[in-house]
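The values are calculated or read from the model by the stated rules, or taken from the named source; none is laboratory data. Predicted, not measured: the structure shown is a model, and the values here were computed from it. Backbone-built Cβ (ideal geometry, glycine too); neighbour counts: all protein chains shown. SASA here: full protein model, heavy atoms, side chains in, ligands and nucleic acids out. Shrake-Rupley method; radii C 1.70, N 1.55, O 1.52, S 1.80 Å.
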Amino acid sequence: MEEYFASTPSKLKTNDYSSITLVLGNESCDLDSAVSAIVYAVFLHWQHNTFKGKVCTASKRTDDCKEDIFVPILDVNREDFPLKTEVVFALAGHEIYDKDLVFSNDIDMTKLMSEGKAKVTLVDHHTLASKYNHLAPYVTEIIDHRPLDRTYWTYNEDVRSTIELVGSCCTLVAQRIRDLSALVGLNGEFFTLYPDMTDLLYSCIVLDTVNFSKEVNKATQHDVEIVNFLEDLLNIDQREEQRKAKVDRLLEARRNVSQLTAAQLLRKDLKIFEDILVPSFPVLVKEFLSKPDSLEAVTEALSSRKCSLGLLLGMDLRGGHQRDCAVISPDDKLAKAEWSSPSFELVSELGVNHYYFKQMNLSAFRKQYVPAITEFLYYYKE
């Protein structure tokens, strides 16, 4: 693993490769997205060097012989990586730091595509952000756990897709690695050789499912099966205690935002759907709105990103599960739009310059809001 992280960024910078596969996570760059991208890229690197016969063997190597490289792209600016507190914490626990990683503003993806040596694998999303629309012809594989949306599906017919509704994309990444390894009789070998990658997958799944909480209701049987598989490989005995300890540590790292300004919190876990700003907070929206200049920060974010409306989503898992949200827009008509599908069980509390709701349906996450956002865009933006 050390060799991979030491050599891959430098080969990218020096153009020292014959072809490149970018493994691109989604724009929120949460732990699921970051770990999915990193682990799958490391696996592809191992697969390439283990499964395939290579012309550039030690006996035939020449000075101009270059190899394929596989690069995870964390879709966040390098300077904003410290805002991803749980990602920083989880990766540092395995001695992976920002110097080892490639961020979206480190490279010119348009230039890479134009050179004709690049392919793209999407993890934890299958709808490209508008800034990446030009990447669609180069996408060869997709691994995602969201409901299939073909509205903007412009990929080639032969794209390989794994799309299944599970609690964590890392579940599907682990399954894909398991399946590909088994095809050549090496089932489990990658996970054994790279225990850090195995632990990251395991940690992310138990976090995303909140340790298979029935209240959150996000886990599936597939998540359970993969976690049991990974726990066997990691030789974990006291499984319930280990899962709880991991979730508690990661949640504490995620909530460690006391030093962040309102503007930084807005960027911590942010997605944009056309011109709707959708930040998700590891604290309740009510707590965010109590920060000095929070409304000013939202107004500035809407203006700078040319968004007409902000849908703010909050969550607090301390001492019980709570969720809330707020709708903020300079246009009062847009802010008052009714959000009805699916049933979020929103209890309204009128705020100043915004519409605030307690969310009683605790199993509704940001991805469940996407159909309502899509409906809103269709009916209210004409």
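None of PRO147, PRO137 is at negative phi, over 19 Å from the mean Cα position of the chain (by Cα) and open to solvent by 30 Å² or more (accessible area, probe 1.4 Å) except PRO137.
Answer with yes or no whether THR154 is open to solvent by 10 Å² or more (accessible area, probe 1.4 Å) and within 23 Å of PHE51 (Cβ to Cβ). Quick ask: steps written out before the conclusion?
Details: open to solvent by 10 Å² or more (accessible area, probe 1.4 Å): yes; within 23 Å of PHE51 (Cβ to Cβ): no.
No, not satisfied.
To keep it simple, each residue is scored yes or no on (1) open to solvent by 80 Å² or more (accessible area, probe 1.4 Å); (2) in contact with a Pro (Cβ under 8 Å, 6 or more places away or on another chain); (3) among the acidic types (Asp, Glu).
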{"residue": "LYS286", "(1), (2), (3)": "yes, no, no"}
{"residue": "ASP293", "(1), (2), (3)": "yes, no, yes"}
{"residue": "VAL298", "(1), (2), (3)": "no, no, no"}
{"residue": "LEU302", "(1), (2), (3)": "no, yes, no"}
{"residue": "CYS307", "(1), (2), (3)": "no, no, no"}
{"residue": "GLY310", "(1), (2), (3)": "no, yes, no"}
{"residue": "LEU313", "(1), (2), (3)": "no, yes, no"}
{"residue": "LEU317", "(1), (2), (3)": "no, no, no"}
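Filtering the stretch 212-246 down to residues that are among the β-branched types (Val, Ile, Thr) and open to solvent by less than 30 Å² (accessible area, probe 1.4 Å), which residue is modelled with the lowest pLDDT? It comes out as VAL216. The residues of the stretch 179-206 that are closer than 30 Å to LEU362 by Cβ and among the acidic types (Asp, Glu) amount to a single one, ASP199.
Taking the numbered list (1) closer than 26 Å to ARG249 by Cβ; (2) in a helix (DSSP H, G or I); (3) in contact with a strand residue (DSSP E or B) (Cβ under 7 Å, 6 or more places away or on another chain) in turn, CYS29 passes all entries but (2).
Annotation: THR209 fulfils all but one of (1) within 17 Å of PHE365 (Cα to Cα); (2) in contact with a Gly (Cβ under 8 Å, 6 or more places away or on another chain); (3) open to solvent by 20 Å² or more (accessible area, probe 1.4 Å); the unmet one is (3). For the stretch 94-132, taking the residues that are of a type in the set (Gly, Ala, Ser) and open to solvent by 80 Å² or more (accessible area, probe 1.4 Å), the one that is farthest from the chain's Cα centre (by Cα) is identified as SER114.
The strands (runs of 3 or more DSSP E) located wholly in the stretch 319-382 that include 3 or more residues which are aliphatic (A, V, I, L, M), under 18 Å from SER290 (Cβ atoms) and at pLDDT 85 or above occupy 322-328.
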